[in-house]
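Chemist: Below are the structure tokens for one structure; questions will follow.
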Ligand code: SF4
């Protein structure tokens, strides 16, 4: 395959190839409605989806509605979500999110991104997850995988997630944006690893401008810390909490 020159052409080729490779891609966070997905996505900051999926059934059994969650006892809530790490900040976000849903949105999760990002603990990434997964609306969440792959594939040179999102949006049909993000995430996890991309096994290698050029980066102290937080989320519970905003 000749290497496509323009970013739009590359985006089209990548989108088609990843759709073939991961046809049934789905959000890994278990949920029964938009409220539960919103809560699960807040909890997933610096935590594995598997761990979040162990916690959310208990959380939403105890607090099934925004009204229940808004009235939760903070100590009890912290205990339930403790194993996801950063539990004090996350409890504060969950309480604030639920209270804001009650106060400003009639207890319903709003669909507009401008409204979603007014909820405590909710940034554009979480807002776009909720829009695309729970509501089937256009939304392209940019996490670390989406940002890294987009740069390696030279769809963008931006490093700021919001700028990446705004640059990718016009390259992807609105109803495909959520699935495109999920497929990039899947490919980032399975093949295009941050430190050691497996270009020899990658279906995108023939058209990827970075194929074979990424040298394994030495692990920095920060990366090691992040990795530990991801793989042993309980350990991060003892660090100074910073407000997770996804
Ligand atoms: S060819 Fe290599 S750098 Fe390019 S997307 Fe595939 S794994 Fe990543």
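The values are calculated or read from the model by the stated rules, or taken from the named source; none is laboratory data. Since we're looking at a predicted model, the values are computed, not measured. No Cβ is skipped: glycine too gets one built from the backbone with ideal geometry, and neighbour counts run over all protein chains shown.
Chemist: Restricting attention to region 154-169, and to residues there that are away from the ligand (no atom under 16 Å from the Cβ) and either in contact (Cβ under 8 Å) with a residue 12 or more places away in the chain or closer than 20 Å to residue 26 by Cα (or both), which single residue is surrounded by the most Cβ atoms within 10 Å (Cβ to Cβ)? Working first, answer last.
Modeler: Let us first name the residues in region 154-169 that are away from the ligand (no atom under 16 Å from the Cβ), namely 158-163, 165-167, 169.
Keeping just the survivors that are either in contact (Cβ under 8 Å) with a residue 12 or more places away in the chain or closer than 20 Å to residue 26 by Cα (or both) gives 159, 161-162, 165, 167, 169.
Working: 159: 10, 161: 19, 162: 12, 165: 23, 167: 17, 169: 13.
Going through the qualifying residues, I end up with 165.
Chemist: Still on this model: With the requirement that a residue be part of a loop (DSSP other than H, G, I, E, B), closer than 14 Å to residue 145 by Cα and either near the ligand (Cβ under 8 Å from one of its atoms) or under 13 Å from the mean Cα position of the chain (by Cα) (or both), what does region 177-212 give you?
Modeler: 191, 192, 193, 197
Chemist: Please verify whether residue 233 is within 30 Å of residue 96 (Cα to Cα), modelled with pLDDT under 95 and either buried (at least 21 other Cβ atoms within 10 Å of the Cβ) or in contact with a strand residue (DSSP E or B) (Cβ under 8 Å, 6 or more places away or on another chain) (or both), treating the condition exactly as stated.
Modeler: So residue 233 passes the test.
Chemist: Still on this structure, I have one more. It is to be established whether one or more residues within region 211-220 are at pLDDT 95 or above, surrounded by 17 or more Cβ atoms within 10 Å (Cβ to Cβ) and more than 22 Å from residue 45 (Cα to Cα). Can you show your working first?
Modeler: Here is the first cut: in region 211-220, the residues at pLDDT 95 or above are 211.
Going one step further and asking which of them are surrounded by 17 or more Cβ atoms within 10 Å (Cβ to Cβ), we end up with 211.
Cutting the leftovers down to more than 22 Å from residue 45 (Cα to Cα) gives us 211.
Among the residues of region 211-220, at least one is at pLDDT 95 or above, surrounded by 17 or more Cβ atoms within 10 Å (Cβ to Cβ) and more than 22 Å from residue 45 (Cα to Cα), which makes the answer yes.
Chemist: Can you find even one residue in region 48-57 that is in contact (Cβ under 8 Å) with a residue 60 or more places away in the chain and either surrounded by fewer than 24 Cβ atoms within 10 Å (Cβ to Cβ) or not in a helix (DSSP H, G or I) (or both)?
Modeler: yes
Chemist: Can you tell me which residues in region 89-104 are buried (at least 17 other Cβ atoms within 10 Å of the Cβ) and without any contact (Cβ under 8 Å) to a residue 24 or more places away in the chain?
Modeler: 91, 100
Chemist: Oh, and also: Hey, does region 21-35 have a residue that's without any contact (Cβ under 8 Å) to a residue 12 or more places away in the chain, surrounded by fewer than 19 Cβ atoms within 10 Å (Cβ to Cβ) and more than 25 Å from residue 113 (Cβ to Cβ)?
Modeler: Yes, because at least one residue in region 21-35 is without any contact (Cβ under 8 Å) to a residue 12 or more places away in the chain, surrounded by fewer than 19 Cβ atoms within 10 Å (Cβ to Cβ) and more than 25 Å from residue 113 (Cβ to Cβ).
Chemist: Now, a different point. Does region 63-77 contain any residue that is under 19 Å from residue 124 (Cα atoms) and surrounded by fewer than 19 Cβ atoms within 10 Å (Cβ to Cβ)?
Modeler: Taking every residue of region 63-77 in turn, none turns out to be under 19 Å from residue 124 (Cα atoms) and surrounded by fewer than 19 Cβ atoms within 10 Å (Cβ to Cβ).
Chemist: Just wondering, is there one or more residues in region 143-152 that are within 16 Å of the ligand (Cβ to nearest atom), more than 17 Å from residue 125 (Cα to Cα) and either surrounded by 15 or more Cβ atoms within 10 Å (Cβ to Cβ) or under 18 Å from the mean Cα position of the chain (by Cα) (or both)?
Modeler: Yes, because at least one residue in region 143-152 is within 16 Å of the ligand (Cβ to nearest atom), more than 17 Å from residue 125 (Cα to Cα) and either surrounded by 15 or more Cβ atoms within 10 Å (Cβ to Cβ) or under 18 Å from the mean Cα position of the chain (by Cα) (or both).
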